[in-house]
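Reading through the structure tokens given below for one structure.
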Amino acid sequence: AAHRFLYSSHDRATRTARRYSRREVQQKAKRAGFSVLRLSYWNFFLFPAVAVTRLLRKGATERTTSDLRLPHPLLNSFLDRIVALEALLLRYVDLPLGSSIIGVLRKED
């Protein structure tokens, strides 16, 4: 999970203890004896919707439920294509922003 400002009831419901920056993940990986081969944000295209939703709900009544719901099949198909496009892009570039972080690490000898 990325970006502390996105921490919300969704994180509490899914038992996500913290959200990290890319730099924090790099530092923690190195301290744990890993070399970072790739590190990118993930959910780049959906980040604006996630950020707006989480920020608008911060002022709402605190609850411990996830904000994820199974969308209508047409919307779900569209979202699936967005994620597939992002997976394709990740073959070539690291994304500068997203609601999650994904990486490839190698344990140092």
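So here's what we get for this one:
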{"read-out": "Total residues in the range 5-43, condition within 19 Å of R57 (Cβ to Cβ) and touching a strand residue (DSSP E or B) at 6+ places or on another chain (Cβ under 8 Å)", "value": "2"}
{"read-out": "Selection from the range 36-59 of residues that are under 26 Å from R91 (Cβ atoms) and open to solvent by 30 Å² or more (accessible area, probe 1.4 Å)", "value": "V36, L37, R38, W42, N43, F44, F45, L46, P48, A49, V50"}
{"read-out": "Subset of the range 3-25 [outside any loop (DSSP other than H, G, I, E, B), at pLDDT 90 or above and either farther than 21 Å from V52 by Cβ or open to solvent by less than 70 Å² (accessible area, probe 1.4 Å) (or both)]", "value": "L6, Y20, R22, R23, E24, V25"}
{"read-out": "R106, sole failed condition from (1) farther than 15 Å from F47 by Cα; (2) free of Cβ contacts under 8 Å to residues at least 24 places away in the same chain; (3) charged (D, E, K, R)", "value": "(2)"}
{"read-out": "Single condition E62 does not satisfy, out of (1) more than 17 Å from the chain's Cα centre (by Cα); (2) modelled with pLDDT of 90 or more; (3) of a type in the set (D, E, K, R); (4) assigned to a loop (DSSP other than H, G, I, E, B)", "value": "(2)"}
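The values are calculated or read from the model by the stated rules, or taken from the named source; none is laboratory data. Everything quoted here is computed from the prediction, not taken from an experiment. FYI the Cβ positions are ideal-geometry reconstructions off the backbone, even for glycines, and counts take in every protein chain you see. All accessible areas refer to the heavy atoms of the entire protein, side chains included, with ligands and DNA or RNA removed. Shrake-Rupley method; radii C 1.70, N 1.55, O 1.52, S 1.80 Å.
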